Amino acid sequence: MRFERVELRLIALPLLHPFETSFGIEAEKHCVLVRLDCEGVTGWGECVAMNGPWYSEETTGTAWHILTEFILPHVLGRDFDSAQELQGRLARVRGNKMARAALEGAFLDALARSRDRSLAHFLGGERTEIESGVSIGIQSSPEALVAIVERELATGYRRAKLKIKPGSDIEFVRAVRLAFPEAQLMVDANSAYTLEDAEHLRSLDVFGLTMIEQPLGHDDIVDHATLSARVQTPICLDESIHSAQDARHALELASCRIINIKAGRVGGLTEAIRIHDICRNRGVPVWCGGMLETNIGRAHNVALASLPGFTLPGDISASERYFVEDIAYPNFRVSSHGTLAVPTTPGTGVEVDEQRLERVTLRRTELVA
Ligand code: SMG
Ligand code: MG
């Protein structure tokens with residue numbers, strides 16, 4: 001398929017509820033969308049980089065720069081028949097995984113559409129529905145957190161992830177566990193602790209959590225191995241894993257027992273599937289993470305999570321939890337048994353609402369071969 005035209009848009013969508021993590025509060029979602037046109041087919045990709053370099057080094061600004069200056073000029077006017085071929089052409093570009101993943105996502109959507117197949121099937125997905133979990137931001141008090149968890153579990157979600165940071169951790173988790181003795185619960189610290197907090201983190205063991213996600217340094221796999229040996233709760237890595245090689249290293253060092261896979265963080269769906277395969281061969285469970293995506297990115301996540309190794313509920317919740325109005329439809333809805341249906345129509349299965357998109361666009365550019 002010949003890459004004829006690419007359009008980039010920077011958009012801003014207000015979130016229904018501000019989302020607080022250990023690194024800050026998000027009130028508005030900013031992201032770069034990629035539209036790729038090739039031979040009469042259009043594909044869409046979403047770059048998960050945020051406004052600022054708080055989750056990772058990349059931002060909407062760096063993604064825009066790398067895409068327009070280095071990635072797109074290198075691929076426009078050329079023919080690609082597989083994501084591997086595209087990645088090969090981009091091998092010279094180091095890092096910038098989120099920028100790269102956004103283009104690969106658009107290409108895979110277009111490629112699946114051109115073959116009249118759903119993205120999920122095209123990637124090797126087998127499930128017709130995926131298990132859905134929720135990620136709940138840091139709240140002002142344990143009581144406020146319990147009230148939100150109650151609402152989410154009543155909706156049907158299979159597990160609740162509680163964001164934690166020093167000062168908003170043990171007592172919050174205790175309150176939720178007391179209120180919901182049987183619920184599948186986990187925590188995510190987004191690198192808010194150090195190895196000196198090992199004893200403190202060990203006090204989470206009594207709550208029967210499914211995992212502690214990324215407690216230590218965002219680029220660490222060594223201290224996580226030490227911590228992993230000192231706590232009973234399984235450690236899951238998110239920020240530290242940028243490639244299949246990182247995943248292999250982390251598993252060989254026993255830095256984690258579970259991996260959160262985000263296609264954006266690892267350079268695209270192809271690399272995400274490599275990590276899935278490595279983990280599956282070793283019997284290591286994986287789940288699909290989220291980055292407060294619009295329905296474009298959410299649809300890519302749902303397709304990825306339909307692969308057989310995704311055995312734990314992901315951070316892929318119903319569309320209506322996030323924005324007043326999305327930019328692509330239909331919305332993903334959660335069933336009463338806590339699942340989202342995997343689309344069966346061609347490509348991602350969502351279509352962009354051009355008028356809505358135009359209204360939320362802050363910046364636009366177009367590159368033609
Ligand atoms: O998409 O529901 C979602 C958010 C999931 O908690 C979530 N993501 O570290 O896993 C994580 C965070 C990163 C994004 S915070 C803005
Ligand atoms: Mg995380």
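The values are calculated or read from the model by the stated rules, or taken from the named source; none is laboratory data. In this text the structure is predicted, and so the values were computed from the model without any measurement. Here Cβ is always computed from backbone atoms with ideal geometry, including for glycine, and neighbour counts include all displayed protein chains.
Within segment 16-53, the residues that satisfy the criterion of being in a loop (DSSP other than H, G, I, E, B), touching an Asp or Glu at 6+ places or on another chain (Cβ under 9 Å) and closer than 21 Å to Asp188 by Cβ are Ser22, Val48, Ala49, Asn51.
Any chance segment 105-127 includes a residue that's within 16 Å of ligand 2 (Cβ to nearest atom), outside the structural domain of Asn260 (by TED's automatic domain parsing) and touching a helix residue (DSSP H, G or I) at 6+ places or on another chain (Cβ under 8 Å)? Give the derivation first.
As a first pass, look at segment 105-127 and keep what is within 16 Å of ligand 2 (Cβ to nearest atom): none.
Looking through segment 105-127, none of the residues is within 16 Å of ligand 2 (Cβ to nearest atom), outside the structural domain of Asn260 (by TED's automatic domain parsing) and touching a helix residue (DSSP H, G or I) at 6+ places or on another chain (Cβ under 8 Å).
What about Ala272, is it assigned by TED's automatic domain parsing to the domain that holds Glu152 and buried (at least 24 other Cβ atoms within 10 Å of the Cβ)? Answer is yes for this residue.
Set side by side, the residues Leu15, Leu76, Leu67 differ, and just one is modelled with pLDDT of 95 or more and buried (at least 18 other Cβ atoms within 10 Å of the Cβ), which is Leu67. Among the residues of segment 183-222, what is the count of those that are part of a loop (DSSP other than H, G, I, E, B) and either within 16 Å of ligand 2 (Cβ to nearest atom) or closer than 26 Å to Gly156 by Cβ (or both)? Residues meeting the conditions: 20. Mind checking which residues of segment 309-324 are under 11 Å from Leu340 (Cβ atoms) and either more than 13 Å from ligand 1 (Cβ to nearest atom) or assigned to a loop (DSSP other than H, G, I, E, B) (or both)? Listed by number, the residues that qualify are Pro313, Ile316, Ser317, Ala318.
Residue-by-condition table, conditions (1) more than 16 Å from ligand 1 (Cβ to nearest atom); (2) over 30 Å from Gly347 (Cα atoms); (3) modelled with pLDDT of 95 or more:
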{"site": "Arg117", "(1), (2), (3)": "yes, no, yes"}
{"site": "Gly124", "(1), (2), (3)": "yes, no, yes"}
{"site": "Thr128", "(1), (2), (3)": "yes, no, yes"}
{"site": "Glu131", "(1), (2), (3)": "no, no, yes"}
{"site": "Ser135", "(1), (2), (3)": "no, no, yes"}
{"site": "Glu143", "(1), (2), (3)": "yes, yes, yes"}
{"site": "Ile148", "(1), (2), (3)": "no, yes, yes"}
{"site": "Thr155", "(1), (2), (3)": "no, no, yes"}
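Could you check segment 208-225 and list, in sequence order, the residues that are surrounded by 17 or more Cβ atoms within 10 Å (Cβ to Cβ) and within 18 Å of Glu182 (Cβ to Cβ)? Answer for segment 208-225, where residues must be surrounded by 17 or more Cβ atoms within 10 Å (Cβ to Cβ) and within 18 Å of Glu182 (Cβ to Cβ): Leu209, Thr210, Met211.
Consider Ser306 carefully, then state whether it is more than 23 Å from Leu119 (Cβ to Cβ) and among the hydroxyl-bearing types (Ser, Thr, Tyr).
Numbers: more than 23 Å from Leu119 (Cβ to Cβ): no; among the hydroxyl-bearing types (Ser, Thr, Tyr): yes.
Against the criterion (more than 23 Å from Leu119 (Cβ to Cβ) and among the hydroxyl-bearing types (Ser, Thr, Tyr)), Ser306 does not qualify.
Beta carbons closer than 7 Å, at least 6 apart along the sequence or on distinct chains, pair a first residue in segment 124-136 that is touching a residue at least 60 places away in the same chain (Cβ under 8 Å) and assigned to a strand (DSSP E or B) with a second that is within 10 Å of ligand 1 (Cβ to nearest atom) and of a type in the set (Val, Ile, Thr) for Ile130/Ile316; Ser132/Ile316.
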